[in-house]
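Undergrad: One structure follows; several queries about it will come next.
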Amino acid sequence: MLEKNQIHEAIITDLTAEGSGVCRIDNTVVFVPNTAVGDRLRVKIVKVLKNYSFGISEEIIEPSPDRINADCGVSGRCGGCVFRHISYEAECRAKNNIVHNAFTRIGGLSPEFDEFIPCEETAHYRNKAQYPLASIDGKIVCGFYSRRSHHIVPVTDCALQPRIFADILETLTGYFNDKKISVYNESDNTGLLRHIYLRRGAHSGEIMVCIVARKDISRQLSAMCRILAENFPEISSVVLNINPDRTNVILGERCVTLFGKDSISDTMCGNRIDISPLSFYQVNTVQAERLYAKALEYASPGKNDVLADLYCGAGTIGLSMAHSVKSVYGVEIISAAIENARRNAAANNIYNAEFFCGDAGMIFSELRGKCCVPDIIIVDPPRKGCSEYTLEVIANAAPHRIIMISCNPATAARDAKWLSLNGFSVDKVCGVDLFPRTGHVECVVLMSRQKS
């Protein structure tokens, strides 16, 4: 049994999705952050649990050949990037292993694994960023939460965000400080400013600035809109989102447009897409197009096929395939996203796509009883995966193929396992890196209905 504060020599043999190295000491698995596969270390045990322990690196005796110097001054404190201390090639190997392990170990499955799809751009690729605000030494700052805390690490020039975001953030925090607008205090639910939320069309260049506040502070932000318009012609929308709830959910349900349009536009897979503050839209546009190309390859749609697109967001996946199928039925629980999806279909002269608002499983079950007999189902659930009810509805629909896109390989493997026990074979899996330098990795899964 390991004991706290003991120091042991060990070699890192694997990496977790959280970016921690994995080693074995006295036959116990120990997780060590900020390490690389191949590192030989002196590890100090800091927490001992029944089945595993946590340690920290006291000394790197022999560094891994994967190690590089981190090119961000706050990467050790910020909770965003967990792989900035290793080469991108090593990161892709680690993420590919995460996908493989999820399906073979968690799912107990043996699909064919396609070649991992890396990202061509590893910096400034995000089209969206949400920055919590805080008051530090009497000054309003923005940044990101440090790992496993609500302590904000001040940063504006994040290497993952478009460079223009840093200039906008400096302008906004300067304005808030000049006007002495209070910052939200989550402990007693007081104060006004909660988050700065920025979106940018990767192809269009249009920028949306969204200020999240506890109350309607439109009058206090009128001069801010003028300043933004004068200094940043790329900004075509300024929105106030009002979130009065005592919650860690970032956005509230009500939005007030202060300047310009209610949404911004971009292009995804050749289609014009309108994006509102509440719409889901993949944060790495160019790499998402590669992800959707793989989904299209797996779906292999025919002109007479009916496609159901569950958790459809603003409709980007279904619309990208609409010209290849007879009809598309999209379901999404966020009403603003469904409004966007309908506008997106109209703007692109796509008339064979319909979109419905509500719980994916419940609405799809109703559609099956009325009009939708799908040949192909695309499912792109949140990180928690699909509910068992939704999986039952999908299985009972008996499509020829199911294409699952997931930002969490572990829940994707769990759901694929359930479907494998209920009439479907899990044929192929492909890992795709949409979020370089972070611990997140996407996967695309092809499942086929078994003839029996």
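Undergrad: Residues that are of a type in the set (D, E, K, R) and open to solvent by 20 Å² or more (accessible area, probe 1.4 Å): find the strands (runs of 3 or more DSSP E) completely inside the stretch 1-58 holding 1 or more of those.
TA: 7-11, 21-25, 40-48
Undergrad: Sticking with this one: Between a first residue in the stretch 375-389 that is among the charged types (D, E, K, R) and a second residue that is surrounded by fewer than 23 Cβ atoms within 10 Å (Cβ to Cβ), which pairs have beta carbons less than 6 Å apart while being 6 or more apart in sequence or on different chains?
TA: Asp375/Asp305; Asp375/Val306; Asp375/Pro399; Asp375/His400; Asp380/Tyr311; Arg383/Cys407; Arg383/Asn408
Undergrad: Return yes or no: is Ile317 touching a helix residue (DSSP H, G or I) at 6+ places or on another chain (Cβ under 8 Å), within 27 Å of Ser265 (Cβ to Cβ) and buried (at least 21 other Cβ atoms within 10 Å of the Cβ)?
TA: When the stated conditions are applied, Ile317 passes them.
Undergrad: Could you list all residues from the stretch 333-364 that are out of contact with any Ser or Thr (no Cβ under 9 Å at 6 or more places or on another chain), within 19 Å of Asn271 (Cβ to Cβ) and either open to solvent by less than 20 Å² (accessible area, probe 1.4 Å) or in a helix (DSSP H, G or I) (or both)?
TA: Matches in the stretch 333-364: Ile338, Arg342, Ala345, Ala346, Ile350, Phe355.
Undergrad: Ok, one more. Within the stretch 94-117, count every residue that is surrounded by fewer than 19 Cβ atoms within 10 Å (Cβ to Cβ) and of a type outside the set (S, T, N, Q).
TA: 10
Undergrad: Give me the strands (runs of 3 or more DSSP E) completely within the stretch 365-449, filtered to those with at least 1 residues that are open to solvent by 20 Å² or more (accessible area, probe 1.4 Å), ordered by residue number.
TA: 401-406, 424-432, 442-449
Undergrad: Can you find a residue in the stretch 71-90 that is under 26 Å from Val155 (Cα atoms), assigned to a helix (DSSP H, G or I), open to solvent by less than 50 Å² (accessible area, probe 1.4 Å) and not charged (D, E, K, R)?
TA: yes
Undergrad: Give the stretch 321-332 a look and list any residue that's surrounded by 22 or more Cβ atoms within 10 Å (Cβ to Cβ) and either more than 18 Å from Cys407 (Cβ to Cβ) or out of contact with any Phe, Trp or Tyr (no Cβ under 8 Å at 6 or more places or on another chain) (or both), or say none.
TA: Residues satisfying the conditions are Met321, Ala322, Val328, Tyr329, Gly330, Val331.
Undergrad: Against the definition (part of a helix (DSSP H, G or I) and more than 15 Å from Ile317 (Cβ to Cβ)), how does Val286 come out, yes or no?
TA: yes
Undergrad: State whether one or more residues within the stretch 56-65 are touching a residue at least 40 places away in the same chain (Cβ under 8 Å) and among the hydroxyl-bearing types (Ser, Thr, Tyr).
TA: Scanning the stretch 56-65, I find at least one residue that is touching a residue at least 40 places away in the same chain (Cβ under 8 Å) and among the hydroxyl-bearing types (Ser, Thr, Tyr), so the answer is yes.
Undergrad: I need the full set of residues from the stretch 239-270 which are of a type in the set (Val, Ile, Thr), closer than 19 Å to Ile334 by Cβ and either touching a His at 6+ places or on another chain (Cβ under 8 Å) or in contact (Cβ under 8 Å) with a residue 24 or more places away in the chain (or both), in order please. Before you say what the answer is, go through the steps one by one.
TA: At the first step, the residues of the stretch 239-270 found to be of a type in the set (Val, Ile, Thr) are 239, 242, 247, 249-250, 256-257, 264, 267.
Cutting the leftovers down to closer than 19 Å to Ile334 by Cβ gives us 239, 242, 247, 249-250, 256-257, 264.
Listed by number, the residues that qualify are Val239, Ile242, Ile250, Val256, Ile264.
Undergrad: Sticking with this structure for a sec: Hey, can you tell me all the residues within the stretch 155-199 that are free of Cβ contacts under 8 Å to residues at least 60 places away in the same chain and basic (Lys, Arg)?
TA: Arg163, Lys179, Lys180
Undergrad: Take the conditions among the acidic types (Asp, Glu), part of a loop (DSSP other than H, G, I, E, B) and modelled with pLDDT of 95 or more and apply them to Asp262. Does it pass?
TA: no
Undergrad: Sort out which residues of the stretch 258-300 are open to solvent by 50 Å² or more (accessible area, probe 1.4 Å) and among the polar types (S, T, N, Q), and write them in order of number.
TA: Thr267, Ser300
Undergrad: Checking the structure you have, find out if any residue of the stretch 147-163 is open to solvent by 40 Å² or more (accessible area, probe 1.4 Å) and either at positive phi or aliphatic (A, V, I, L, M) (or both).
TA: Yes, because at least one residue in the stretch 147-163 is open to solvent by 40 Å² or more (accessible area, probe 1.4 Å) and either at positive phi or aliphatic (A, V, I, L, M) (or both).
Undergrad: Among the candidates Asp178, Asp216, Asp188, which residue alone is among the charged types (D, E, K, R) and at pLDDT below 95?
TA: On the way: Asp178 fails: at pLDDT below 95; Asp216 fails: at pLDDT below 95.
Criteria check complete, one pass: Asp188.
Undergrad: Also, quick follow-up: Just checking, how many residues over the stretch 396-424 are among the small types (Gly, Ala, Ser) and farther than 20 Å from Pro382 by Cα?
TA: Restricting attention to the stretch 396-424, the residues satisfying the condition of being among the small types (Gly, Ala, Ser) are 397-398, 406, 410, 412-413, 416, 420, 423.
Those left that are additionally farther than 20 Å from Pro382 by Cα: 397-398, 420, 423.
Qualifying residue count for the region: 4.
Undergrad: Checking Thr156 against (1) modelled with pLDDT of 95 or more; (2) touching a helix residue (DSSP H, G or I) at 6+ places or on another chain (Cβ under 8 Å); (3) of a type in the set (Ser, Thr, Tyr): exactly one of these is not met. Which one?
TA: (1)
Undergrad: Can you tell me which residue in the stretch 41-87 is modelled with the lowest pLDDT, limited to those that are under 15 Å from Ile25 (Cβ atoms) and of a type in the set (S, T, N, Q)?
TA: Per the stated criteria, the residue is Asn51.
The values are calculated or read from the model by the stated rules, or taken from the named source; none is laboratory data. Here the structure is a predicted model, which means the values were calculated and not measured. Don't worry about glycine lacking a Cβ; one is built from the backbone with ideal geometry, like all the others, and counts go over all protein chains shown. All accessible areas refer to the heavy atoms of the entire protein, side chains included, with ligands and DNA or RNA removed. Shrake-Rupley method; radii C 1.70, N 1.55, O 1.52, S 1.80 Å.
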